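S.K.: Pasting a structure below so you can have a look.
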Amino acid sequence: MGGFTAWLLQHATDQGSTGELARKAAADPGWPEGPDRLQTFTDHLERGGATRTALQDLTDAWIRYASR
């Protein structure tokens, strides 16, 4: 596992939306391991019935990941 998922899981103890997303990803056996594109993770959350807030949290985390 690498890329966004590995980066995200490093934030599992963080407070706030990125930490919450990381904990959900860690607990989700179907969390995508790739390809490393925002749309891959968006599609996964949408298939699971994610809220608009969860999708925004994903986008915000992706922006942090991509700008590192």
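The values are calculated or read from the model by the stated rules, or taken from the named source; none is laboratory data. On a predicted model such as this, the values are computed, not experimentally measured, just so you know. Here the Cβ is made from the backbone with ideal geometry for all residues, glycine too, and neighbour counts use every protein chain on show. To get the accessible areas, we keep the full protein, side chains included, count just its heavy atoms, and leave off ligands, DNA and RNA. Shrake-Rupley method; radii C 1.70, N 1.55, O 1.52, S 1.80 Å.
S.K.: Within the range 40-53, is there a residue that is within 11 Å of the chain's Cα centre (by Cα) and among the basic types (Lys, Arg)?
M.R.: no
S.K.: Need pairs with beta-carbon distance below 7 Å; first residue under 18 Å from Gly34 (Cα atoms) and within the range 1-15, second in a helix (DSSP H, G or I) and open to solvent by 30 Å² or more (accessible area, probe 1.4 Å); sequence gap 6+ or separate chains.
M.R.: Once the first residue is under 18 Å from Gly34 (Cα atoms) and sits in the range 1-15, its partners that are in a helix (DSSP H, G or I) and open to solvent by 30 Å² or more (accessible area, probe 1.4 Å) give Phe4/Trp62; Leu9/Ala26.
S.K.: Same structure, new question: Can you say whether Gly2 is of a type outside the set (A, V, I, L, M) and on the phi > 0 side of the Ramachandran plot, as far as the supplied structure shows?
M.R.: So Gly2 fails the test.
S.K.: Then there is this: Which residue pairs have Cβ atoms under 7 Å apart, sit 6 or more places apart or on different chains, and have a first residue in the range 55-68 that is touching a residue at least 24 places away in the same chain (Cβ under 8 Å) and a second that is among the polar types (S, T, N, Q)?
M.R.: Asp57/Ser17; Leu58/Thr42; Asp60/Ser17; Ala61/Thr18; Arg64/Thr18
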